[in-house]
Amino acid sequence: MGKQMLDVAIIGGGPAGLNAALVLGRARKKIVVIDEGSPRNMVTHASHGFLTRDGVAPSEFRALAKEEISVYPSIAFIKDMAISIEGSDGQFRITTKHGESFISKKILFAVGMKDRPLTIPGLAEVYGKSAFVCPYCDGWELRDEQLVIINKGAELMHAAPLISGWTNQVTICTNGPDQLTDDERKELEQHQVSVFDSVIKQIDSNDGIVEQVVLEDGTVIACRGIFFKPDLVTGSALPQALGCEITEAGMIVTDDFGKTTISGVYSAGDAASKLYQTIAAASMGALTAVAINNELNIETWKRAK
Ligand SMILES: Cc1cc2nc3c(=O)[nH]c(=O)nc-3n(C[C@H](O)[C@H](O)[C@H](O)COP(=O)(O)OP(=O)(O)OC[C@H]3O[C@@H](n4cnc5c(N)ncnc54)[C@H](O)[C@@H]3O)c2cc1C
């Protein structure tokens, strides 16, 4: 496979990359999916909100997807990390950590996002078990519970009303200066939401379930769950190395069909959107696959004239 010209090399085998593979495989395109197997949601036991797969473990979702896709013979899966990509539209060379190389006409980056290391002591122990990032994904399981939101400033003023849809027992820890205006503080007060701006000393938990948040000023907040804002970076440095435009927040810039600023290079899923939902990533993977297939077919059609 390494020597033959592939139509598309998909870097990343999460929901976006796998759904793109399904569409491209059914369109009879020769593709490789290179995936190192470290998705952001690997810390969680159950993924929610994907119709027909509500509550499935992320690993099971991937296994089911691969089983379905493996009936299409032009798709190969490689468990490896892509470490370099050279060339341009029509002929890219991808090299992996284990020394394999592939030549492909198009590239699809479905590399997701990565969390920067968690700095609050005790947060890593509860992440994915009782501390989460998205209430649509995990709010139902924590409904009516005593929750702590760790966030600050304008984003906090988005998070607080949002999470109030799942519980009215919310305390806010800004873990340092709250970056709120007087009006915003007043608004939170009117909703009986307490705001603590002392730095978080530690999060105490038992078997992954948060019990209390301890602040440096001595305040102890008992709670059963946490929602926090993670600090994210693009899942791989390769898109930037290839010249793709990236936003300050680490998102790969694309048009509505996943086309990046570099010819022949596409991106889909969390790496190219702010939705951070499995079903949205899969849907974007499918849409982008259609765009890539269209481009490939038109190129072949024109060459054959
Ligand atoms: C704690 C947590 C819980 C979540 N729960 C839910 C939920 O309940 N419901 C929901 O809809 N969403 C949930 N999400 C969001 C969901 O995980 C993402 O939206 C989704 O996984 C994005 O899919 P993706 O294919 O874009 O990226 P990912 O699933 O992150 O997959 C990207 C893949 O690319 C690989 N990769 C990156 N670089 C390279 C490289 N150079 N070479 C090879 N492989 C590479 C990675 O290892 C990874 O396997 C959750 C997220 C987190 C963090």
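The values are calculated or read from the model by the stated rules, or taken from the named source; none is laboratory data. Quantities reported herein were computed from a predicted structural model and do not represent experimental measurements. Cβ sites come from the backbone with ideal geometry, for glycine too, and all protein chains shown count toward neighbours. Accessible surface is based on the protein model in full, side chains and every heavy atom, while ligands, DNA and RNA are left aside. Shrake-Rupley method; radii C 1.70, N 1.55, O 1.52, S 1.80 Å.
Every residue, every condition in (1) open to solvent by 70 Å² or more (accessible area, probe 1.4 Å); (2) out of contact with any Lys or Arg (no Cβ under 8 Å at 6 or more places or on another chain), yes or no:
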| residue | (1), (2) |
| --- | --- |
| CYS244 | no, yes |
| THR247 | no, yes |
| PHE257 | yes, yes |
| VAL265 | no, no |
| ASP270 | no, no |
| GLN277 | no, yes |
Quiz item: So GLY2 fits all but one of (1) among the small types (Gly, Ala, Ser); (2) farther than 30 Å from LEU142 by Cα; (3) within 11 Å of the ligand (Cβ to nearest atom); (4) modelled with pLDDT under 95; what number is the exception?
Solution: (3)
Quiz item: Which of the following residues is out of contact with any Pro (no Cβ under 8 Å at 6 or more places or on another chain), among the acidic types (Asp, Glu) and loosely packed, with under 13 Cβ neighbours inside 10 Å: GLU216, GLU187?
Solution: GLU216
